[in-house]
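Heads up, the thing below is written out as C-alpha cells.
Just so you know, all these numbers are worked out from the coordinates, no wet-lab data involved. These numbers come from a predicted model, not from an experiment. Cβ placement follows ideal geometry from the backbone for every residue including glycine, while neighbour counts extend to all protein chains displayed.
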Amino acid sequence: MRIAIVGPTYPYKGGGAQHTTELARRLAALGHDVVIESWKAQYPSFLYPGQQTIDVPEGEPYPKTRRKLDWRRPDGWLAAGRRFRTADLVILAVLSPVQVPPYLGIAYGVGRAARVVALCHNVLPHERKPWDEPLMRALLRRVDGVLTHSEEQAELARSLTGRPVSTAALPPHLPARSQARGEGVHRRLLFFGIVRPYKGLDLLLRALPEGVSLTVAGEFWGGIEQTKALVAELGIGDRVELRPGYVAAADVPALFAAADALVLPYRHATASQNVWLGHEHGVPVIATRVGALADNVRDGVDGLLVEPGDVEALRKAIERFYEDPERLRGGVRAVDPEPYWSDYTDTLLGA
C-alpha cells in the first residue's frame, strides 16, 4: 500500500514529531511504501510560545521525508494533495486546530482519489478557543475516517462528525531509553515536559511535603513568572529547581537518575508518553486518575494514583511513596512496545 503521512517530524521536536516518525517506520516495516510530508513552517510563532525545532534529532530521522508545507502557502497545500492522488491512504496527524486550513487544502487536492484518515492526538485542545470546534468539525466531516487514542476522545469526535471513528491506545514512541538510575533515595521528585495549566504544576508545588525537593524541567507555556511567584509565595524556593527550556534527549537520563519518582499531577489528559518514559528510566510515577495516565500506572506496584485537582491527596500520596520508595522502584518495568504498535497499525489501516 502507498501511504502518505502528513505531520511534524525532525527538525520539529516533541511527542507528535516522534510519533509521526515511528509510525512511518512501523508501516514501512510492514511492507508499505511510506512517505512523510512534513513542514517547512508549521505554525505562526505567536501561536506556539516555545522552541519549535531542534538541531539534534530525538531519534533517527525517517529517510523518505519531504519538508515543503508552509502555513503561509495555500498553493503548497493543494499541490501536496494533488501529489497524494497516487497514494492509497493519506494520514493527517492532527495536533492542533491550527492545522485544519492546510489539511482541508490537502484533502481538497486529494479529492476522492485516496482514502484520508485524521489521526487525532487531541480532538480538541486542552485550553480551547472559540474557533477550535468549528475548525475540527469541518475537518472531521471531510475525511473518510478518524482515529483517536481513547474512547473519551472517540465520543468527542463522534459529536463532531458522522464519519467512522476508531480508537487505539497511543503506542510508545520513546526517544531516550535507559534503565540506569541513581543509587539510594534523593528526596527529589521530577516534573517533566511542557508546563501548561492543565498539567497541574501549581497543585504539585502546593502539595510538596517538607523535606522533599522538586525539579521542574521543560518549556513554560506562556512564561515562567507566574510559577516563580507561586514558589516565592509558598516559601519553597530552596527546594524547587526550575529548569526552563527544551530538554535535549541526551540530557533526559540524568534528570531521571537524580529523581526518586516522576509526578504527573494533570487536571485532565488524553494520551501521554510520560508514564512510560518514567518507567523506561526506572522510576515510579505518581499520577492522577485522568486519561491514559491511570491506564499505565499499576497503583501500589510501580506508582501511585490520586484523584485530580486534590492538593491534600497528592501530598499524602507523596508522603506514602516515601514510606517505602524502594518497593515501588522494584516494581517498575520497561514497557514492551510491540503489542501496542501491532494493534495501532491494524486499527489505523482499517480506519
Can you sort Trp341, Trp71 by how many other beta carbons sit within 10 Å, fewest first? Trp71, Trp341
For the stretch 113-155, what is Rg from Cα atoms divided by 2.2 N^0.38 Å, rounded to two decimals? 1.19
Given Cβ point charges of +1 (Lys, Arg) and -1 (Asp, Glu) and nothing else, what value in debye, to the nearest 20, does the dipole of the chain about its Cα centre take? 1500
Per DSSP H run of n ≥ 4, the term is -39500 (n - 2.57); total these for the chain, divide by its residue number, and report the mean residue ellipticity at 222 nm rounded to 500 deg cm²/dmol. -9500 deg cm²/dmol
Cα coordinate range in the stretch 1-101, projected on the principal axes (Å, largest first): 39, 31, 19
I need the peptides 279-288, 266-275 ranked by packing, meaning the mean over residues of other C-beta atoms within 10 angstrom, with the highest value on top. 279-288, 266-275
Enumerate the residues in the stretch 198-224 having an amide nitrogen under 11 Å from the point lying 7 Å beyond the Cα of Tyr322 toward its Cβ. 208-214
Quick one: 3J(HN,Hα) in Hz for the stretch 194-204, Karplus 6.51/-1.76/1.60 with θ = phi - 60°, rounded, Gly and Pro as x. 4, 8, 10, x, 5, 7, x, 4, 4, 5, 5
Once amide H atoms are placed 1.01 Å from N in the peptide plane, what residues at a sequence separation of 5 or more from Leu264, or on another chain, have their amide H within under 5 Å of its amide H? Ile286, Ala287, Thr288
Tell me, what is a quarter of the convex hull surface for the C-alpha atoms of the stretch 188-330, in nm² with one decimal? 7.6
Using distinct alpha-carbon pairs, which all enter the 1/r mean, Kirkwood radius of the stretch 224-279 in Å: 13.6
Simple spin-label estimate for Asp343 and Asp251 in nanometres, 7 Å along Cα-Cβ: 3.5
Surrounding charge for Gly145, neighbours by C-beta under 10 angstrom, Lys/Arg +1, Asp/Glu -1, total +1
Per 0.36 nm of contour for each residue apart, how much would the distance between Ala138 and Ala79 grow if the chain were fully extended, relative to their Cα-Cα spacing? 19.2 nm
At a Cα cut-off below 13 Å, give the aspartates and glutamates reachable from Lys316, other chains included and same-chain residues fewer than 8 away excluded. Glu210, Glu307
Apply 1/(1 + (r/R0)^6) to the Cβ-Cβ distance of Ala294 and Ile194, taking R0 = 22 Å, and write down the FRET efficiency to the nearest 0.05. 0.60
Calculated P(r) of the stretch 257-351 - Cα pairs past 19 Å, %: 42
Kirkwood hydrodynamic radius of the stretch 65-113, from inverse mean 1/r over distinct Cα pairs, in Å: 10.9
